[in-house]
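Right, one structure below, let's go through it.
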Amino acid sequence: MKGDRKRKAATTFQKGHRPHNKGKRYKTDESEASTSSSQPPVTRRLNSETYSIVTVQSTVKGRQSTVNAPDCEGRPGSARILRAAAAATKVDSRLKQTTELASNAGTRMVDKEKLEEMINSVIRLHIVQFRDCDKPTVKIATEKKWGLGWKFQLRCESCKFTSPKYKLYKEIKTNKPGPNPAAINRSFQAGLQDTPMGNTRARYLLAATDIPPPARSAMQRASNVVGMMTKHLNEKDMQDKLELVRKTNEMRGVEKPAEINVAFDGRYNSISIGHSKKPGQGSSQAIGTACETVTDREFIVGMAVENKLCWTGAWLRGKGFHVKCPGGHPDCTANLAAVAPHSEYEMAKKIGTQFLKQQMFVRHVTTDGDAKAAAGFQDAYKVLHPMWKVERLSDPTHLGRSQFRKCMSATFSKDMFPGVKTRDVFKGKQKILSQDVKARCSLVFKKLMEETVGDMRLVKSQLPLVLESTLLCYSGDCSKCRRHAKVCGGGHTTSWWTKSAFLGPHKITGLNMTSQDESILLEILKMKLSYSAAEQLKLNTDTQKCEAVNRSLSVSLPKNVNYSRNFEARAHSAVHRLNNKVGKSLEDKIEHLGATLSPVTKRALSQIQKESEYHKEYRKRPETQRRAIQRHGSMIKTHLQYRQLSSSRQSDYRKGQLDLKSQPKGDHLYALP
């Protein structure tokens, strides 16, 4: 019946249609004008003479461009770029199969269990379908790449047997339409987040091992999915660690277990704050981390990121679209405007808001002297608790560095160091004294905290005598050192001048200080040995854990590489690794993605984690630290001996020593007479 079939539509391509000129018929010869319209048009092909004078225009963005060439009668016309016709030769089917098999050379990553299933299935099917095949020779007929996974189809060269396609990778079951993702692709991205490499260098590494690397776009999509899942995993883990801190306070009998003390520091993805070309700050990404100081592990319980980079926004602006980041278009990865400066105050405020959701309150914040993170925590709590007070504590290490810089920039008298005649030697001696003052004050405060068991009332009562005896010791009077100096015994062998790792090797045995020099040195000593300094160091906490976190972040986020899309995900991955140790962290990430690890791999991860923990414990041993101090003193002594033996030899490096400081007048081609 007519209604059972669809009406046949007129075909788009009519007789005489040419796609390159949109179906328009044109006359190629005068004789064609006299022919009937029913006859097909005749098109002349360019011969070798005409082809030689064709001017080929440049190809733009890979599109084939047309060229104007004269026809056989000398008239202008339109023609495509001609190619040499392929030789019409028969290709032996056997040779074609050999070529296909040769393309399968190289290394492939396949799952062991899936490989065994494929082999057994192919054997059974071959026996059932081709029982008469006496000498089966199985080869790979076709293969299809699925990221790092592969699909194989086998065939027998002795018969016509061809197997179905087998997936040689494990899948992650999802409830979404489309094929399930390969577990190896997502697991690879989870491990890649804890390395300095990105997808580009990972493809290079795979190619070096003769493994066909996946497409970069597919790897980027997988890294986006894995990054989002890693972020959710780490946020849940940090919340669990915060609850663990609360339970620890309850076990210790703390009156208010919801009150915690943290250390905070920010990390920027640039070596210097300023930049020679960029206006404003040189950094485009920043991470703020908060580490609790209640437990011995010092878990990272809060993290905030600031990102100015957005790959999608930059691409759209390059195409002429007027979009603004952050938030000016879908999938914007930036959360801070490009012209806005990074603020540790804002990052601390975000972390304080996270703590407030779990009803955890920060009482003391240990920071360096660079930013106002404590004010950020306090402003976060003011929304619901206006009377809450957050107190800021100083980090002793950063305070010691400030003390060193203050002593280096101090203006001492010319005769302070005996026997010094040149300015360069004087600055060298002043640097040694600055290092000694910093080390001595840190050691004195440590001794005070050990003797008083952290009782700040007793520490403050001893500080005036300690400060006075220390200043007298540097002046050459050690009469009070035995009772109050803490680190100087006053004798010939127990004197600080002998025990110091800086003064003794550099042969500084005394200082000729004037009253002004004593006043300057007293102010420098008060930076660590005063009532106000003791109040800021009363809990004996520091930011060394935060500094260690910043160094570990460089593993996933090196400062010379910008990860605009997966910056936050890589930061969360590094924090999860530090909180749960390297082996356990990777295992948790793989399970969270829906994949599994074999027992052999788990044993290898356990061994890696044991080695990492051993190295950490080894560096903390007293004998290891003592040997490090001895090596440092030996290096100083060796350096001094070298300077004495070859005092005339100095470094030939001087910054800008060969550059012209100013152009001489008339020293150019257009100089006026």
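The values are calculated or read from the model by the stated rules, or taken from the named source; none is laboratory data. Computed from a prediction, not measured in an experiment: that's the story for all the values here. No Cβ is skipped: glycine too gets one built from the backbone with ideal geometry, and neighbour counts run over all protein chains shown.
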Next item on the list: Determine which member of the set Gly274, Gly253, Gly266 is more than 17 Å from His576 (Cα to Cα), in contact with an Asp or Glu (Cβ under 8 Å, 6 or more places away or on another chain) and not hydroxyl-bearing (Ser, Thr, Tyr).
Entry: Gly266
Checklist line | Unmet requirement for Phe264, which otherwise passes all of (1) in contact with a strand residue (DSSP E or B) (Cβ under 8 Å, 6 or more places away or on another chain); (2) surrounded by fewer than 22 Cβ atoms within 10 Å (Cβ to Cβ) | finding: (2)
Check: Taking Leu539 and the conditions (1) more than 30 Å from Ala182 (Cβ to Cβ); (2) not in a loop (DSSP other than H, G, I, E, B), which numbered condition does it fall short on, given that it satisfies the others?
Finding: (2)
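So which of Leu578, Leu553 ends up being in the same structural domain as Glu391 (by TED's automatic domain parsing), in contact with a strand residue (DSSP E or B) (Cβ under 8 Å, 6 or more places away or on another chain) and under 26 Å from Ser394 (Cα atoms)?
Testing whether each residue is in the same structural domain as Glu391 (by TED's automatic domain parsing), in contact with a strand residue (DSSP E or B) (Cβ under 8 Å, 6 or more places away or on another chain) and under 26 Å from Ser394 (Cα atoms) leaves just Leu578.
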Notebook entry, point to check: If you go through segment 466-495 one residue at a time, how many are in contact with a Lys or Arg (Cβ under 7 Å, 6 or more places away or on another chain), farther than 15 Å from Leu522 by Cα and assigned to a helix (DSSP H, G or I)?
Noted result: 0
Item checked: Residue list for segment 443-465, filter: in a helix (DSSP H, G or I) and among the β-branched types (Val, Ile, Thr) -> Val444, Thr452, Val459
Next item on the list: Kindly establish whether Glu298 is in a loop (DSSP other than H, G, I, E, B), buried (at least 19 other Cβ atoms within 10 Å of the Cβ) and either at pLDDT 90 or above or not assigned by TED's automatic domain parsing to the domain that holds Asn566 (or both).
Entry: yes
Next item on the list: Report yes if some residue within segment 158-168 is among the polar types (S, T, N, Q), touching a Phe, Trp or Tyr at 6+ places or on another chain (Cβ under 7 Å), over 30 Å from Leu205 (Cβ atoms) and surrounded by 11 or more Cβ atoms within 10 Å (Cβ to Cβ); otherwise report no.
Entry: no
Next item on the list: Specify which of the listed residues (Glu450, Glu468) is at pLDDT 90 or above and out of contact with any helix residue (DSSP H, G or I) (no Cβ under 9 Å at 6 or more places or on another chain).
Entry: Glu450
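If I ask for residues that are over 20 Å from the mean Cα position of the chain (by Cα) and loosely packed, with under 15 Cβ neighbours inside 10 Å, which ones from segment 191-216 would you list?
Ala207, Ala208, Thr209, Asp210, Ala215
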Note to self: When you scan segment 219-237, do you find a residue that is farther than 21 Å from Leu557 by Cα, β-branched (Val, Ile, Thr) and touching a residue at least 60 places away in the same chain (Cβ under 8 Å), even just one?
What the structure shows: no
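Here are some residues: Gly274, Gly282. Which one is part of a loop (DSSP other than H, G, I, E, B), farther than 27 Å from Ser585 by Cβ, within 18 Å of the chain's Cα centre (by Cα) and of a type in the set (Gly, Ala, Ser)?
Within the list Gly274, Gly282, the selection yields Gly282.
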Next item on the list: State which residue pairs qualify: first residue in the same structural domain as Ala485 (by TED's automatic domain parsing) and inside segment 495-506, second residue part of a loop (DSSP other than H, G, I, E, B) and among the hydroxyl-bearing types (Ser, Thr, Tyr) in any location, beta carbons under 9 Å apart, and separation of 6 or more residues or different chains.
Entry: Trp497/Thr509; Lys499/Thr493; Leu503/Thr509
Item checked: The lone exception for Ser223 - which of (1) in a helix (DSSP H, G or I); (2) farther than 27 Å from Ser598 by Cβ; (3) hydroxyl-bearing (Ser, Thr, Tyr) it fails -> (2)
Notebook entry, point to check: Out of the residues in segment 607-656 that are of a type in the set (Asp, Glu) and part of a helix (DSSP H, G or I), which is surrounded by the fewest Cβ atoms within 10 Å (Cβ to Cβ)?
Noted result: Glu623
Note to self: Quick check on this structure: which one of Ser552, Ser564 is more than 16 Å from Ser270 (Cβ to Cβ), surrounded by fewer than 23 Cβ atoms within 10 Å (Cβ to Cβ), within 14 Å of the chain's Cα centre (by Cα) and polar (S, T, N, Q)?
What the structure shows: Ser552
Check: Residues in segment 132-179 that are assigned to a loop (DSSP other than H, G, I, E, B) and over 18 Å from Thr107 (Cβ atoms): how many?
Finding: 23
